[in-house]
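Encoded as structure tokens, the structure appears first; notes follow it.
No lab work stands behind these numbers, since they all come straight from the coordinates. Small disclaimer: the values here were computed from a predicted structure and weren't measured. Backbone-built Cβ (ideal geometry, glycine too); neighbour counts: all protein chains shown.
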Amino acid sequence: MDIAVYGLGYVGLTTSLYFAEMGHCVVAVDVDESKLRQLQSGKVPFVEHGIDDLLEKNLPTKRISFSSSLSAAAKSEIHFICLGTPSNVDGLPQTEKIMALVDDLVRHFQDPKYLVIKSTVPVGFCDQLDKHVKDSLKKSKKNFLVDVISNPEFLREGWATQDTFHPHRVIIGTDSPDSEDVMKELYHSLQCPTLVMSRRSSEMSKYAANALLATKISVMNELSQLADKNGADIEMIRQAVGLDPRIGEQFLNSGVGFGGSCLPKDLRALIAQGDQQGLKLEIMQSVTLVNTSQKKLLLDKMKMALGDLRGTQIAIWGVAFKADVDDIREASSLFFISELIKLGANLSIFDSLALEQLKLYLREHKLNSAQVKLCSSQTQALDKADALLVMTESLEFRQANLALVKSLLKGSKIFDARNVFHPLAVRQAGLSYYGIGRSGDGL
Ligand code: UGA
């Protein structure tokens, strides 16, 4: 089939490559010409496991091409919209760009099309879009059908390729048997359940999934606060409850909260949608509150353990919102970086993937660069630092040689924002350990 995919972030690019790999003819569209040039030359402009190989494999087959031209892409039969939908100030996702793109496409369409919405959109958006498209077609006397289908994406950044080829489920939101057949045909080689439902249920399934994931994290984070006060270890509690299949072992890791471009934004969207309709989504609000307080608690621990932070040097390992990605959107580290700068600390920061993004962020937010040194290795960041703050759960941090850490640090305190170390191992190396919900730090 001829497929066009719009918006080449990690969702759009992976979707394009998946369909190319399945033998379809894909035109992948973006407005960013420099990104298109990079992709055409076989370079992926962001970090995503396995995607470079997939691009290298599919480029020579000519089953995928990159373009900024809507008129050429509009000839395709199926159109996947994968534009980002960041929050507006009111918390609702921005859908204007999708609307504008669809308006442009409809102007170019000359025959029936399937318009598939992968972007995360508020519940009811696809119904509104469907009506809008039908009205536009009628006005321009185009006598054919453009069917709007909801097909939310559940892949994780960093693991997009794996999640696209091995998803847990495919959700198809449509009440048209013809659209259902086309979508099932597109995904027929996936070994997972396919659920067909209304567009509204489909849109809401996406939010429900992220709401539950965020809730699991915040519940564990709230419990970690109680564990801290009572001399219990949240890591042991996590293992104990995770063995219950009704709870499940994933997404129970305590830390300094969830970040990224999805969970925080989708919670805001749910709360805002509820507000609009007179519904107070109290659990969602609490999940968000715990997520914020979790960062402040670790900062308070740092202040209590280190005293006046003016002139201290803090090594920070990890900046991205999670391990193994270069994305710093809503990363918890940004809170620590700006607060520690305000408190007068000097920072030596290492992240193997995200330092370029951090550079842009620091410039954009006018954060005092004299207090920040970006380091090219873990050891360089540690050099003569008073303390180490570990912000992501990267394997390279988990496997750090604690004796070496001890020898390079001037001070002896480790603040473990993701519980990557075992407290005993840290103490045995002659260092003091301050984690999340783990007894013994006395704070
Ligand atoms: C999330 C969902 O996991 C995907 O299923 C969804 O498709 C995606 O959002 C989306 O809506 O597009 P992602 O944003 O890539 O994926 O990140 P996650 O792996 O979910 O991690 C989010 C945050 O939660 C990270 O900051 C991570 O460190 C934190 N986290 C995760 C915890 O604090 N504890 C955990 O146990 C797990």
Practice task
For the chain, calculate the relative contact order in percent as a whole number, restricting contacts to Cα pairs under 8 Å that are 6 or more residues apart.
Solution key: 12 percent
Fill in the blank from the handout: Per the 1/(1 + (r/R0)^6) rule, R0 = 22 Å and r from the Cβ atoms of L212 and S176, FRET efficiency to 0.05 is 0.15
Completion exercise
Dividing the surface of the Cα convex hull of segment 343-443 by four yields a projected area in nm² of 6.8 nm²
Problem - Computed over segment 21-114, Kirkwood Rh from alpha-carbon pairs, angstrom - result: 15.0 Å
Problem - the chain - share of DSSP beta bridges that are antiparallel (%, nearest 5) - result: 5 percent
Practice task
Taking 7 Å along the Cα-to-C-beta vector as the label spot, tell me the D104-K229 distance in nanometres, rounded to one decimal.
Solution key: 5.4 nm
Problem - Added length on full extension, which subtracts the Cα-Cα distance from 0.36 nm per residue, K296 to R246 - result: 14.9 nm
Exercise for the section: Pairs to check: K229/K410; K131/K265; K62/K134; K184/K206; K35/K206. Give those whose C-alpha atoms are more than 24 Å from each other in this structure. Expected result: K229/K410; K131/K265; K62/K134; K35/K206
Practice task
Hand me the trypsin sites (Lys or Arg not before Pro) from segment 280-363 located in a DSSP loop with no more than 10 other Cβ atoms within 10 Å, in residue order please.
Solution key: K280, R310
Fill in the blank from the handout: If one builds a Gaussian network model of the chain from Cα atoms under 10 Å apart, the most fluctuating residue listed among I247, I81, I149 is I247
Exercise for the section: Identify which of H168, H24, H188 has the largest mean-square fluctuation in a Gaussian network model of the chain, with springs joining Cα atoms closer than 10 Å. Expected result: H188
Problem - Compactness of segment 195-339, expressed as Rg and Dmax over alpha-carbon positions, Å - result: 17.3, 59
Handout entry: Size of the chain as Cα extents on the principal axes (Å, biggest first)
Key = 75, 47, 40
Problem - Rg to Rh, two decimals, where segment 85-178 supplies the alpha carbon set and Rh follows Kirkwood - result: 1.01
